[in-house]
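The structure appears below as structure tokens.
All of the numbers you see were taken from the coordinates with simple rules; none came from a lab. What you see is a predicted model; the values in this text were computed from it and never measured. Note that each Cβ is placed from the backbone with ideal geometry, even for glycine, and that neighbours are counted across all protein chains shown.
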Amino acid sequence: MLVEIENLRVQFPTATGMSEAVRNVSLTLGQEKLGIVGESGSGKSLTARSIMRLLPSNARITADRLQFDGIDLLTADEPALRRIRGRRAGLIMQDPKYSLNPVMTAGAQIAEAWRVHRGGSRKVAAQAAIDLLAQVQIRDPARVAGSYPHELSGGMGQRVMIAMMLAPDPELLIADEPTSALDASVQAEILRLIEDLVSRRGMGLLLISHDLPLVSHFCDRVAVMYAGRIVEELPAGELTRATHPYTRGLLECLPTLSHPQRRLKVMQRDPSWLI
Amino acid sequence: MADMIDVAALFVRFGSTQAVKGISFRVAPGENFGLVGESGSGKSTVLRALSGLNADWTGHMAIAGTPLTPRRSRDFYRRVQMVFQDPYGSLHPRQTVDRLLSEPLLVHRMDNIETRIRRGLAEVALPDSMRFRYPHQLSGGQRQRVAIARALMSEPDVVLLDEPTSALDVSVQAEVLNLLADLQQARRLTYVLVSHNLAVVGHLCQRIGVMQGGELVETLTAEDLRAGRVKHPHTAALRELSVELEEPEGAHDPGLASGR
Amino acid sequence: MSAFTTVLSRDWLLSETPASRAQAAWVRRYRGWLQFRANGLAMVGLATVAVMIVASLAAPLLAWQNPSAQDLAGRLAWPSAAHWFGTDELGRDIFSRILYGGRITLGMVVAVVALVAPIGLAVGSVAGYLGGIVDRVLMRVTDVFLAFPRLVLALAFVAALKPGITSAIIAIALTAWPPYARLARAETMTVRNTDFIAAVRLAGASAPRIILRHIVPLCLSSVIVRVTLDMSGIILTAAALGFLGMGAQPPMPEWGTMIAASRAYILEQWWVPTIPGVAIFAVSLAFNLLGDGMRDVLDPRQR
């Protein structure tokens with residue numbers, strides 16, 4: 001197993017004691033594509049970031065088991081974590097505008113990621129950067145390599161981010177809302193690209209999103225989170241057979257073109273979901 | 001009946017780029033008109049020119065028969081209001097809900113401020129206890145309700161909606177869309193809704209304009225859009241994608257990702 | 001009577017659901033005060049400033065010696081029961097000179113701040129919000145003022161006017177406002193294109209209304225911080241002017257002038273220049289602590 005999580009809890013100190021952001025989450029991930037879906041504040045991002053130990057400094061994290069490829073992440077020291085972060089596990093974030101360095105060309109940033117993790121001369125790294133850009137299906141990789149982030153569209157920026165993450169050839173890719181800042185058509189392209197790369201390279205993928213139907217097209221399994229808990233986990237193809245009222249609610253409250261409704265169904269939140 | 005909104009041959013430029021290239025549409029009173037397109041298609045630019053935020057336009061625009069000039073009258077700002085995409089960014093961070101809602105009333109020298117604020121909060125289903133909260137103490141959905149209440153304070157005829165639900169969770173989106181539909185019924189409002197989400201536009205609007213590269217490539221009814229009676233390939237592409245991705249995997253096949 | 005007690009009750013002041021706008025405002029103030037009170041350093045600052053101001057105002061009651069009475073036989077005396085802080089180079093009682101000097105020094109600081117903050121805010125927010133030619137003209141004027149060393153410019157102003165406290169206040173204010181204008185302009189530029197300002201514009205509000213009611217409150221907290229950091233600088237500029245004979249005129253007991261006049265004795269009779277120095281230091285530090293506390297309270301997002 002690539003990732004094994006058992007009873008993960010993430011807490012934050014507040015004025016009135018500890019608030020629990022993630023409660024008793026258990027999941028495993030092999031060379032497969034797992035989607036984590038939930039609304040803002042459900043703890044989906046925190047769960048994924050726990051694997052990289054990239055949590056806010058005031059977060060308190062406990063778990064019966066939190067392992068990456070057999071390495072205990074709870075006891076691992078900073079150098080050991082650095083060997084995982086970015087090298088064996090890559091993170092793609094929501095908005096490439098904020099995660100790319102505005103004063104470096106796309107090619108230089110990818111080349112730097114390459115050199116940090118694999119060494120080699122500048123020339124080799126620059127060539128590798130262009131290869132990587134070609135792998136993320138950029139038609140004119142040499143031109144994009146020479147462009148600055150502000151000269152790239154949102155979708156193009158996200159491709160550059162993905163290329164950068166692929167440089168060290170990671171085993172796990174965590175994508176945190178990778179497409180919610182993008183247009184629908186670009187969104188589909190990027191997700192298809194990620195899915196394709198992950199399948200071809202035999203990586204594990206953790207795709208975090210608030211859009212349940214969308215995620216189901218690109219994942220093998222989907223875990224639905226609500227208020228810090230996984231309320232339901234099921235194969236992506238069987239979402240229509242979801243039993244938890246929250247999962248059903250997420251599917252039913254979306255307006256659709258194919259099934260017009262006069263009024264949208266509004267989710268009735270049941271306090272018992274919290275227990 | 002006379003048109004509530006009439007836009008003809010509207011051009012808007014940003015510096016040297018032509019963001020909107022001569023588009024025309026009309027909206028009847030009480031009608032919902034949707035503008036869809038990808039980012040950069042110019043849909044939001046049309047809305048900002050209409051609202052008076054962008055004065056650098058040429059062409060003809062009229063609200064209820066009155067032609068618009070780059071400089072708008074106070075009465076215009078009373079009759080046409082706007083709701084923005086990001087409900088946190090559109091509320092002043094240092095002002096309470098009460099202050100936010102009273103601002104349009106003070107500007108337009110309206111009476112019964114107390115009653116109007118209470119009624120405004122009730123209309124968007126916010127409890128009175130929210131009245132003296134700051135935006136950061138509210139959830140995303142509550143903030144968007146405040147923004148809607150503020151837009152309605154001056155009793156407008158036209159409300160311009162710029163991606164009003166795209167920053168919200170899907171469950172909250174449903175609540176806000178229902179609220180917008182109810183308010184329109186109750187107040188006989190005319191909406192112009194801009195969104196990249198075809199399903200949202202199709203849900204709320206009777207007629208839809210599809211924009212691409214600053215041009216309005218097709219105007220069609222929501223009925224036709226749902227049934228797939230589209231003429232322009234861009235509309236067809238947007239529709240196909242939306243229909244394919246809105247259903248969960250396994251609900252209907254063959255989807256674009258099936259067989260992989 | 002009962003209405004009065006409800007108004008003063010803690011519950012009324014801490015209500016989560018205020019019934020009226022007035023109550024909401026009081027709740028806000030009371031919460032702010034509670035938060036301020038929880039900040040120990042800020043309270044130290046507030047207490048120090050309060051003590052200094054009260055002591056200066058009550059100088060005639062607290063200081064039993066005439067601050068200008070000379071006693072050349074007992075000059076440069078070590079602190080004693082008769083002269084708590086000792087005497088200066090002319091045998092004047094330093095304790096009463098500190099108290100009376102507080103009136104002048106603190107008064108100058110307050111007057112300068114009261115002039116500088118509004119001018120800077122006005123110039124900066126108008127330039128930042130309107131942009132274009134207005135911005136260019138106002139900012140070039142600001143640059144002209146910034147181009148000269150502060151003291152030299154102040155000296156020139158006082159020389160052109162008439163040496164004295166009023167001229168010193170005006171001169172310091174004239175040289176101190178440009179950084180505030182820059183600060184206010186930078187803050188304004190970050191908010192002028194936000195949706196919430198667009199929303200106010202769409203409500204039909206006029207430019208003066210937007211600047212005054214929506215933009216200036218956002219610039220206030222950084223201006224307050226800047227003011228508290230500037231306090232000591234203002235005192236020192238006032239002292240420098242006094243030392244050059246352009247500010248407070250002898251025998252007026254102004255703290256800066258007191259240090260300047262006695263600087264020759266710093267090695268042998270070190271307490272003579274040190275005591276006014278400690279006073280300046282204490283006031284500056286207290287204003288800094290106070291300002292930090294106020295900034296935290298003024299920003300509701302941190303609550």
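Residues in segment C:49-89 that are β-branched (Val, Ile, Thr) and out of contact with any strand residue (DSSP E or B) (no Cβ under 7 Å at 6 or more places or on another chain): C:49, C:51, C:53, C:54. Remark: pairs (first residue in segment B:165-177, more than 7 Å from chain A (Cβ to nearest Cβ); second residue among the acidic types (Asp, Glu) and surrounded by fewer than 24 Cβ atoms within 10 Å (Cβ to Cβ); Cβ separation under 8 Å; 6+ apart in sequence or on different chains) = B:167/B:86; B:172/A:39.
How many residues are in a loop (DSSP other than H, G, I, E, B), crowded, with 23+ Cβ neighbours inside 10 Å and out of contact with any Gly (no Cβ under 7 Å at 6 or more places or on another chain) when one looks only at segment A:151-182? Break it down stepwise before answering.
Residues of segment A:151-182 in a loop (DSSP other than H, G, I, E, B): A:152-153, A:167-171, A:177-182.
Narrowing further to those that are crowded, with 23+ Cβ neighbours inside 10 Å: A:167, A:178-179, A:182.
Then keep just the ones that are out of contact with any Gly (no Cβ under 7 Å at 6 or more places or on another chain); that gives A:167, A:178-179.
Residues meeting the conditions: 3.
If you go through segment B:115-132 and keep only what is of a type outside the set (A, V, I, L, M), buried (at least 21 other Cβ atoms within 10 Å of the Cβ) and within 11 Å of chain C (Cβ to nearest Cβ), you end up with B:131, B:132.
Can you name the residue in segment B:77-102 that is more than 21 Å from residue B:176 (Cβ to Cβ), facing chain C (nearest Cβ under 8 Å) and within 21 Å of the chain's Cα centre (by Cα) and, of all such residues, is surrounded by the most Cβ atoms within 10 Å (Cβ to Cβ)? Filtering first and then ranking leaves B:77.
So how many residues does segment A:242-275 have that are within 8 Å of another protein chain (Cβ to nearest Cβ) and either touching a residue at least 24 places away in the same chain (Cβ under 8 Å) or aromatic (Phe, Trp, Tyr) (or both)?
Of segment A:242-275, the ones within 8 Å of another protein chain (Cβ to nearest Cβ) are A:249-251, A:253-258, A:260-261, A:263-267.
Within this subset, residues satisfying the condition of being either touching a residue at least 24 places away in the same chain (Cβ under 8 Å) or aromatic (Phe, Trp, Tyr) (or both) are A:250-251, A:254.
Adding up the residues that qualify gives 3.
Using the structure shown, decide if residue C:215 is closer than 21 Å to residue C:171 by Cβ and surrounded by 21 or more Cβ atoms within 10 Å (Cβ to Cβ). It is false that residue C:215 is closer than 21 Å to residue C:171 by Cβ and surrounded by 21 or more Cβ atoms within 10 Å (Cβ to Cβ). Which fully enclosed helices (runs of 4 or more DSSP H) of segment A:96-135 have 1 or more residues being farther than 20 Å from residue A:190 by Cβ and out of contact with any Gly (no Cβ under 8 Å at 6 or more places or on another chain)? So the answer is A:106-118, A:122-135.
For segment C:173-191, indicate whether the set of residues that are of a type outside the set (Ser, Thr, Tyr) and within 12 Å of chain B (Cβ to nearest Cβ) is non-empty. The answer is yes, given that some residue of segment C:173-191 is of a type outside the set (Ser, Thr, Tyr) and within 12 Å of chain B (Cβ to nearest Cβ). Tell me whether segment B:63-72 contains one or more residues that are assigned to a strand (DSSP E or B), under 19 Å from residue B:5 (Cα atoms), touching a Leu at 6+ places or on another chain (Cβ under 7 Å) and more than 9 Å from every other protein chain (Cβ to nearest Cβ). Within segment B:63-72, not a single residue is assigned to a strand (DSSP E or B), under 19 Å from residue B:5 (Cα atoms), touching a Leu at 6+ places or on another chain (Cβ under 7 Å) and more than 9 Å from every other protein chain (Cβ to nearest Cβ). Looking only at segment C:274-297, decide whether some residue is within 14 Å of chain B (Cβ to nearest Cβ), surrounded by 19 or more Cβ atoms within 10 Å (Cβ to Cβ) and farther than 29 Å from residue C:160 by Cβ. Yes.
Considering only residues that are buried (at least 21 other Cβ atoms within 10 Å of the Cβ) and either in contact (Cβ under 8 Å) with a residue 40 or more places away in the chain or not in a helix (DSSP H, G or I) (or both), which ones fall in segment A:224-241? Those that are buried (at least 21 other Cβ atoms within 10 Å of the Cβ) and either in contact (Cβ under 8 Å) with a residue 40 or more places away in the chain or not in a helix (DSSP H, G or I) (or both): A:224, A:225, A:226, A:228, A:230, A:236. Please specify each residue of segment B:81-118 satisfying the condition of being over 20 Å from residue C:16 (Cβ atoms), basic (Lys, Arg) and in a loop (DSSP other than H, G, I, E, B). Across segment B:81-118, the qualifying residue is only B:109.
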